[in-house]
Amino acid sequence: MDGLGGALERAAADGDVVDGWLRGLAGNPVLPVEALARLLEFDELPMPGSWLRYRTLDAAATELLVASPQLQHRLDVAENPTADVDVLARLARDPEPRVRFVYAVMLFEHKRRIPAGVLEILAEDPEPKIRRIAGGTGEPPVAAQEPAPAPVLTAEQRVAHPDRAVRLEAAADPEVPTALALRLAADPENDVRLAVSMREELTEAQRTVIPCTVWRQFWSPPSWIARRATDPDAARRIARSAHVGLRRVLAAQPHLAPDVVALLAADEDEWVRRTLAERCEDAPHELLVELYATVQDRYWSGFRHHRNFARPGLARFADDPDPRLRHAALDDPEAGPELVLRLADDPEVGGWAVADPRLPAEELLRRLTLPARAAAAASNPALPVAVMHRLLDLARER
């Protein structure tokens, strides 16, 4: 630490290095609550104002923010989906209405477990909008006239109805006889024809003659596919269907038999394969790596977070020309410090390597003094707590 101390003091003369330390510590997943408290004492921090909403918070960190005299800290912790729900419950009595409102909204937005008594407290809040969220009365009762019941339409009337929404509902309704529903195969609206083409009882021949476009983002998927997905024989038939919409909906199911997954992973349609990788927990590793390397829109990085992405063997990409694949090499659970060190100076993926806890300690500490790597090094969960506090000392002295 003595030799390091001198190097850190010299590095602290560079404002970019110090800003990097603060940004890195703010994102360090193991930052102790004492260091977080010191970080929050800075008047200005060189990171987005919303950073507290997104870092992982344990019970101690949640308590620190819930008790903070700064309004913004309490608003941020109310929006953080990782905050401890029992500690967070104190915000139901926060003196600031905005905090209570955000807390009430986020209870349902994040589908949090609601501690005992919280809804009762919010239901008696002085603010009507908070009482409404909690199921309280919110407003005095107003006498309302019951609307007249809508007329019950026959299946024939629904199929011939001038309202597109009525015909669309009829097209997908299994209670509408098939012969009647097939009249809608010539409907002027594409979505109506599409809904007919995805009825469960139709044969492949019947589906293929219905002219329709399957949009990339489309309609509420027919529920029968989810029911059939648990039957391997039925799932295989759907996976081999000529109707790409059926295959896409099947690919979105959370679990599928291995041979069904294999069929969908080899599908000629890009969006069948992408839906499988994005939505199915059983998507194969090879498909995830392929899409991670080739997808060109903003969703490409999400494939790395699938549970089947990190696998032994990814280290083979350490020298690949594609920086995405060199980054993927770091997800090899069997890769050691040598691979991480090799990538630490890579101009495109070095930041991720420097933040990797497998980086040798002396190399991690050395990179705290480099402007381009200071933030990544400070975010590394292997950084000693004593060093974290030393960085905060030097930043405060600047």
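The values are calculated or read from the model by the stated rules, or taken from the named source; none is laboratory data. As the structure is a prediction and not an experimental result, all values here were calculated from the model. Positions of Cβ are backbone-derived with ideal geometry, glycine not excepted, and every protein chain shown enters the neighbour counts. Each accessible area value is taken on the protein alone, full model and side chains, heavy atoms only, with ligands, DNA and RNA left out. Shrake-Rupley method; radii C 1.70, N 1.55, O 1.52, S 1.80 Å.
Details
- Hits in the stretch 97-115 (condition: under 13 Å from Ile133 (Cα atoms), crowded, with 16+ Cβ neighbours inside 10 Å and of a type in the set (A, V, I, L, M)): Val102, Ala104, Met106, Leu107
- Tabulated pairs, the stretch 114-134, first free of Cβ contacts under 8 Å to residues at least 24 places away in the same chain, second open to solvent by 50 Å² or more (accessible area, probe 1.4 Å) and acidic (Asp, Glu), C-beta under 7 angstrom, 6+ apart or interchain: Pro128/Glu139
- Filtering the stretch 67-87 to residues that are closer than 22 Å to Trp51 by Cβ and more than 22 Å from the chain's Cα centre (by Cα) leaves Ala67, Ser68, Pro69, Gln70, Leu71, Gln72, His73, Arg74, Val87.
- Count of residues meeting criterion [buried (at least 18 other Cβ atoms within 10 Å of the Cβ) and part of a helix (DSSP H, G or I)] in the stretch 327-349: 7
- Close pairs (7 angstrom Cβ cut-off, 6 or more residues apart or separate chains): of a type in the set (D, E, K, R) in the stretch 40-65, outside any loop (DSSP other than H, G, I, E, B) anywhere: Arg53/Asp76; Arg53/Glu79; Arg55/Ala26; Arg55/Gly27; Glu63/Val87
- In the stretch 271-306, the qualifying residues are those that are in a loop (DSSP other than H, G, I, E, B) and over 15 Å from Ala239 (Cβ atoms), and the one that is least open to solvent (accessible area, probe 1.4 Å) is Val295.
- Arg193 vs. criteria out of contact with any helix residue (DSSP H, G or I) (no Cβ under 7 Å at 6 or more places or on another chain), of a type in the set (Lys, Arg) and part of a helix (DSSP H, G or I): no
- Verdict on Thr62 being among the β-branched types (Val, Ile, Thr) and open to solvent by less than 20 Å² (accessible area, probe 1.4 Å): yes
- Ala12 touching a residue at least 60 places away in the same chain (Cβ under 8 Å), in contact with a Lys or Arg (Cβ under 7 Å, 6 or more places away or on another chain), surrounded by fewer than 21 Cβ atoms within 10 Å (Cβ to Cβ) and farther than 30 Å from Asp125 by Cα: yes
- Just one of the listed residues (Glu286, Glu270, Glu334, Glu281) is charged (D, E, K, R) and in contact (Cβ under 8 Å) with a residue 24 or more places away in the chain, and it is Glu281.
- Just one residue in the set Asp76, Asp94 is among the charged types (D, E, K, R), surrounded by 13 or more Cβ atoms within 10 Å (Cβ to Cβ), touching a helix residue (DSSP H, G or I) at 6+ places or on another chain (Cβ under 6 Å) and within 30 Å of Gly15 (Cα to Cα); that residue is Asp76.
- Screening Arg298 with (1) within 23 Å of Pro323 (Cα to Cα); (2) out of contact with any helix residue (DSSP H, G or I) (no Cβ under 7 Å at 6 or more places or on another chain); (3) of a type outside the set (Val, Ile, Thr); (4) modelled with pLDDT of 95 or more gives one miss only, at (4).
- The set of residues from the stretch 231-268 being open to solvent by less than 30 Å² (accessible area, probe 1.4 Å), assigned to a loop (DSSP other than H, G, I, E, B) and charged (D, E, K, R) comprises just one member, Asp267.
- Criterion violated by Thr178 - all others in (1) over 22 Å from Leu153 (Cβ atoms); (2) of a type in the set (S, T, N, Q); (3) more than 36 Å from the chain's Cα centre (by Cα) satisfied: (1)
- Of residues in the stretch 117-140 being under 28 Å from the mean Cα position of the chain (by Cα) and either closer than 16 Å to Val85 by Cα or open to solvent by less than 30 Å² (accessible area, probe 1.4 Å) (or both), the one modelled with the lowest pLDDT: Ala134
- Selection of the stretch 201-230 for residues being surrounded by 16 or more Cβ atoms within 10 Å (Cβ to Cβ) and in a loop (DSSP other than H, G, I, E, B) yields Leu202, Ile210, Cys212, Val214, Pro221, Pro222, Ala229.
- Qualifying residue in the stretch 367-390 (condition: in a helix (DSSP H, G or I), surrounded by 20 or more Cβ atoms within 10 Å (Cβ to Cβ) and of a type in the set (Ser, Thr, Tyr)): no
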